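What follows is a short report on a single structure.
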Amino acid sequence: MADESKLTRTKQLWAQTGKFLTGHTTRPETDRLPPGQHLVNNWPILDLGQTPNVPRERWRLDVGGSVENTVSWDWSTFAAQPQVQKTTDIHCVTSWSRYDNAWEGISTHHLLDVVMPREDAAFVLFTSNDGYTTNMAIEDFASPDAMLVHSWQGEPLPLEHGGPVRVVVPHLYFWKSAKWIRKIEFVPRDQLGFWEVRGYHNHADPWLEERYS
Ligand SMILES: Nc1nc2c(c(=O)[nH]1)N[C@H]1C(S)=C(S)[C@@H](COP(=O)(O)O)O[C@H]1N2
Ligand SMILES: [Mo]
């Protein structure tokens with residue numbers, strides 16, 4: 001063919017061999033990184049400095065308050081719940097973001113199906129084994145990506161990142177994702193948690209830069 005330059009032939013060869021095909025689609029970085037954030041490849045550890053070591057054999061999660069069914073799960077009961085895997089991004093208020101964290105655990109949707117919050121349950125309060133607390137509206141807890149996770153990248157969640165089980169609510173800044181979760185309460189009235197009392201924003205949407213109140 002007259003218009004068949006060397007480059008055209010090269011590109012045709014690439015098409016035949018599938019060059020640059022990665023098998024997954026990505027959004028442009030600008031669509032994925034919230035304002036004021038920068039990307040990291042490591043996973044920083046941020047907490048109050050206490051690392052409670054509760055092995056799976058002694059682990060318990062109490063879920064109660066304004067619900068039809070209060071539950072107190074030990075490890076084997078938790079592990080027997082339907083498991084889901086999701087890959088989501090982390091956005092910390094201290095300005096780092098970490099992409100593509102592969103979590104495994106139970107969805108908050110499943111927990112909501114089990115406990116059945118009453119009509120007046122508008123907020124969710126979290127208490128952790130290090131004394132940390134945080135809070136959110138039940139609509140945020142019910143986000144389709146929100147989970148109680150026990151594994152990260154196919155391995156048990158490291159102790160320093162909240163193992164055996166932490167909350168992950170990826171559409172909010174990461175301080176809302178309680179490590180070492182011990183208790184979840186559904187309540188009619190909101191109650192500010194550890195950082196919310198100290199001036200952090202009560203809602204914490206990274207896309208709206210809801211960092212401080
Ligand atoms: N139990 C508990 N959960 C916690 C915290 C904490 O101090 N204790 N810190 C929060 C904050 S401010 C952040 S940024 C993330 C950090 O989680 P990581 O250490 O796994 O990165 O955990 C959140 N959850
Ligand atoms: Mo944080």
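FYI, it's all coordinate maths here, none of it is from the lab. Just so it is clear, the structure is predicted and the values come from calculations on it, not from any experiment. So basically every Cβ, Gly included, is an ideal-geometry build from the backbone, and we count neighbours across all protein chains shown.
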Check your understanding: Using the Karplus equation 6.51 cos²θ - 1.76 cosθ + 1.60 (θ = phi - 60°), what ³J(HN,Hα) coupling, rounded to whole Hz, does each residue of segment 188-193 give in order, writing x for Gly and Pro?
Key -> x, 10, 5, 9, 5, x
Practice item. Quick one: among 49, 162, 36, which has the greatest mean-square fluctuation in a GNM of the chain with alpha-carbon springs under 10 angstrom? Key: 49
Review point. In segment 60-208, what % of DSSP beta bridges are antiparallel (nearest 5)?
Key: 90
Exercise for review: Starting from the Cα gyration tensor of segment 60-208, multiply each eigenvalue by 5, take the square root, and state the resulting semi-axes largest first in whole Å.
Suggested key: 21, 20, 14
Check your understanding: When a footprinting reagent is the concern and you count Cβ atoms within 10 Å, what order do 67, 40, 197 take, fewest first?
Key -> 197, 40, 67
**Study point:** Per-peptide average of other Cβ atoms within 10 Å, ordering 100-111, 50-61 highest first
**Key:** 100-111, 50-61
